[in-house]
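This report refers to the structure that appears directly beneath it.
Quick note: the coordinates plus some simple rules give every number you see, no bench work behind them. Here the structure is a predicted model, which means the values were calculated and not measured. Cβ coordinates were reconstructed from backbone atoms using ideal geometry, including for glycine residues, and neighbour counts include every protein chain displayed.
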Amino acid sequence: MRNDTAATPQAIFRKDYVAPGYWVDTVEMGFDLDLDATHVATRLTMRRNPDSAEKDLVLFGAELKTLQLRLNGVNLKKSAYTIDGETMRIPNAPDEVVLEIETLIKPSKNTSLSGLYASNGNFITQCEAEGFRKITWFPDRPDVMAKYTVVLRADKKKFPVLLGNGNLIEQGDLGDGRHFAKWEDPFKKPSYLFALVAGSLVCQEEKYKLGSGREVLLQVWVEKGNLDKTQHAMDSLKNSIRWDEERFGLELDLDRFMIVATSDFNMGAMENKGLNIFNTKYVLANPSIATDIDYAGIESVVGHEYFHNWTGNRVTCRDWFQLSLKEGLTVFRDQEFSADLVGTSTGRAVKRIEDVRVLRQVQFSEDAGPMAHPVRPDSFVEINNFYTVTIYEKGSEVVRMYYTLLGHDGFRKGMDLYFARHDGQAVECDDFRAAMSDANGRDLTQFERWYSQAGTPRVDVQTHYDAAAQTYEITLSQRCPATPGQPEKLPFHIPVAMGLLNSAGQDMPLHCEGYEAQAGVNSLVLELSAASQTFRFTQVIEQPVASLLRNFSAPVVLNISYSDEELGLLLAHDSDPFNRWEAGQRLATRRLVRLTKAVQAGEPLALDSMFIEALRATLNNDTLDPAFRELVLTLPSEAMIAEEFEVVDPQAIHTARQFARAQISQHLRADLLSAYEQHLTPGKFSPDAVSMAKRSLKNLALSYLLEWVDESTFELAKTQFYDAENMTDRLAALAGISNFRGQPQQQKEAAKALQHFYKEFKKEALVIDKWFMLQATAHTTDVAKVRELMTHKAFTLGNPNRARSLTFNFCNANPAQFHVADGSGYALWAELVIALNKINPQVAARLARSLDRWKKYPLHLQEKMHAALEKVAAAKKLSKDVAEVVTKALA
Ligand code: PHE
Ligand code: ZN
């Protein structure tokens, strides 16, 4: 039975879009910054939008104390406006309006980290999506773009640094121990890009010459004591600036570009105009605190936020249903940036594989659950719940499909036309599609379904070779499962990049009816647009093996029945490195599914030598990039294996995967040891692609070696842990040690190592996050252990990074323990969601999603998950954020 104590959340709909009744030309603001009570004076110059059906002047405000409201110089009477929830309506306003507003806000009480808030005694803002309304009344919607001038006033000692969007045009003392800074942003922007920062901060700065010769000032601002951790962010910023000039002809439009790091942040980072605000996780790095993964994360997030300056800021979204217009495109751009920086073709493939892994593991799962939504949603209750992997990662795949269909130059033409048409505007996903279509003279009408239909399409493959006629036919059939509100789907326009391999594993020349053959080009993009289509190849002189969906050319599930021999051939030879890896994953998945079923049936477990030998050959193949080998040797995650089952048995999957890892460890022992030794990176740490690749293969080898219980490998890990001078190697060793299933003596040593690590890094918040994360995901960490860690003095739910490090990692990345039969994992989850709901609804709603897929588990677990969901749904003062997630899960 549904418990109806939670208010049913109200959805808003894309189809109800109405242009704003008034435009805002200028915004002038004065802030008297005080942590407990900040006074905000705002002056808006507004003018009626004659093209709107909305006749009232509409403003939004939340959690504000309103001190003053004056319209064209006259105090607004209570009877002159209405307030309903967050919406204020002023009827019968004149065509030209000057609105003066004074509000009082309480930054130190703001734990939601949206609006103006305090972080370690500094002021930070976060206005996307609807945080500006927590600062002042405003038509807080992205299609209202205005020019801002902002004066910040604060105590000079406590807040020596005052930062705003755009250019600093004036600063000085106020005489009373306070000072001020006046910032002017020369570009029109939506309110969600507003930012201010005030406090005690220091910066690394550099003058940088743009391609045009213009000099700009770059700054990375951090709290004192962190200046030894900003170099990588600065380098990443310079690389981003150069890359956007070279690849897209887009130049930085400001004289000054700032990055600020804060340890209290809900997301990764935010692209506020000229004043990007970052989670410290994506700024701070040096070899002793940051892993290679952190270095790569910083590079891509710095890039991402910088690239938003054009895709998001100069051209923004008409409404929040269009969020993927900026996010999907900007993720595509940051993925390409990282790939281009590595440069080599396997380097690109490694990046592609990593991105696809996230897409499949997280987005495909979202698409199959109760929160499934199209890349351009039709409705939502709380926009903060829609910063999803579908909007971001699937959105990026949709942009990538234009790139695949139109080619490098065609895509660039589309981008150029998009900016030529829409610079300075707030537009829709359809406008982007129109630019791509018009610039290339291509009909992309059907492509629109990628924006409107949710769900992951399935493409089933049938092949037929006629030796006598030397023809080969590939029949592709597509279907897409139902998603909430969308029972039936129409066919998608799917680019299927492909090639044909001969028995020696070489690409064969392609002669496909309807497609022009190009000499020397052995890869083709088939366009599947009907429910089912047959592609006929001629002059096929021997039975080929089809390599389909090369480089993962579309976000679909490809069902094709390969034999093990065919997969072995693809793994050993495919000229497309993505599909090489894919073949290895198919071989592994097949075995892991069989092993899981054997565990469930209580049958003996075995791993065949064909598979082990294929892995050995890959591991020892020195012509392959070590990073690529590491990916091939990594078994599909437990979450990926789970997707292969109708009903998920997390413990059986865990047992099966661990068995396979131990077998690989046993049979490849000598090879793993020599891989370990060959890929040491002695000397000074460097986060370059070559060294990173070596470390990743070496540490994979170590983690396998530790699966086969034996003292010498434990010693190897111990030595690496105590001797390593970089965090990548230390953390890998510590993870290995703490997952080691050895004797009591070794368990003691593991506890000692964890203690040692904690002591050494207790002042480095980001490293303590890793310490919690590592324990949250350890095989041996059960619910009781998590509860114990929650009482640790370093743990708090009040800081998002810390909360996530322990609780999110346990609920999302330790499935065998979280889904324990007694339901204690779910009870813990419910407690956490309810506790977080009071502190930070956005963070709470993210954790709430851990139970999205509850219907995929056996009935006895379903009952317990359902009860936990009901418990959250019945909680008092449930935020819209959490209510939407649990209501949809229970629907
Ligand atoms: N717009 C940010 C990004 O993707 C993400 C973000 C959303 C940050 C909402 C904070 C709040 O770059
Ligand atoms: Zn973004």
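When each of the peptides 88-95, 172-179, 594-601 is scored by how many other beta carbons lie within 10 Å of its residues on average, the order from highest to lowest is 594-601, 88-95, 172-179. Relative contact order of the range 199-340, taken over Cα pairs closer than 8 Å and 6 or more residues apart, is 21 percent. Local charge sum around PHE740 (other residues, Cβ-Cβ under 12 Å, Lys/Arg +1, Asp/Glu -1)? Here the charged neighbours net out to -2.
Straight Cα distances below 19 angstrom link LYS856 to the lysines LYS597, LYS864, LYS888, with same-chain residues fewer than 8 positions distant left out. Go ahead and collect, in residue order, the members of the range 289-313 whose backbone nitrogen is under 13 Å from a label point 7 Å along the Cα-Cβ direction of ASP423. Answer for this model: 310-311.
Out of every Cα-Cα pair that the chain contains, those further apart than 39 angstrom amount to 43 percent. If you take all other residues with their beta carbon under 12 Å from the beta carbon of PHE535, and give Lys and Arg +1 and Asp and Glu -1, the sum is -2.
Taking 7 Å steps out from each Cα toward its Cβ at GLU603 and ALA572 produces label points 2.8 nm apart. Where both bridge residues fall in the range 221-331, DSSP classifies roughly 20% of the beta bridges as antiparallel.
A crude spin-label estimate for the pair ALA617 and VAL820, with each label 7 Å from Cα along the Cβ direction, gives 4.4 nm.
Within the straight-line cut-off of under 13 Å between alpha carbons, the aspartates and glutamates reachable from LYS182 are GLU28, ASP32, GLU170, ASP173, sequence neighbours fewer than 8 places apart in one chain being disregarded. Working from Cα pairs under 8 Å separated by at least six residues, relative contact order for the range 515-615 is 18 percent. Among the listed pairs LYS109/LYS876; LYS694/LYS770; LYS281/LYS770, those with a Cα-Cα distance over 18 Å are LYS109/LYS876; LYS694/LYS770. Ignoring aspartates and glutamates fewer than eight residues from LYS871 along the same chain, the ones with Cα atoms less than 14 angstrom from its Cα are ASP4, GLU831, GLU863. Using a cutoff of 8 angstrom between alpha carbon atoms and counting only pairs six or more residues apart, the relative contact order for the chain works out to 9 percent. Placing unit charges on the Cβ atoms only, positive for Lys and Arg and negative for Asp and Glu, gives the chain a dipole magnitude near 2300 debye about its Cα centre.
Spin-label model, ASP32/ASN75: points 7 Å from Cα along the beta carbon direction are separated by 1.8 nm. With respect to the chain, whose longest principal axis is taken over its alpha-carbon atoms, helix 711-723 is tilted by about 30°. Starting from the Cα gyration tensor of the range 325-468, take the square roots of the eigenvalues, sort them a ≥ b ≥ c, and report rounded, prolate or oblate (rounded when a/c is under 1.5, otherwise prolate if a/b is larger than b/c, else oblate). Rounded, because the longest to shortest axis ratio a/c is under 1.5.
Only helices enter this figure: runs of n ≥ 4 DSSP H residues, each worth -39500 (n - 2.57), summed and divided by the residues of the chain, yield -12000 deg cm²/dmol at 222 nm to the nearest 500. If I fit a long axis through the Cα atoms of helix 345-358 and take the longest principal axis of the Cα atoms of the chain, what angle between them do I get, 0 to 90°, rounded to 10? Helix 345-358 sits at roughly 70 degrees to that axis. Counting only alpha carbon atoms, the long axis of helix 323-342 and the longest principal axis of the chain meet at about 50°.
Taking a Cβ cut-off of under 13 Å around THR463, the surrounding Lys, Arg, Asp and Glu residues balance to a net charge of -3, with basic ones at +1 and acidic ones at -1.
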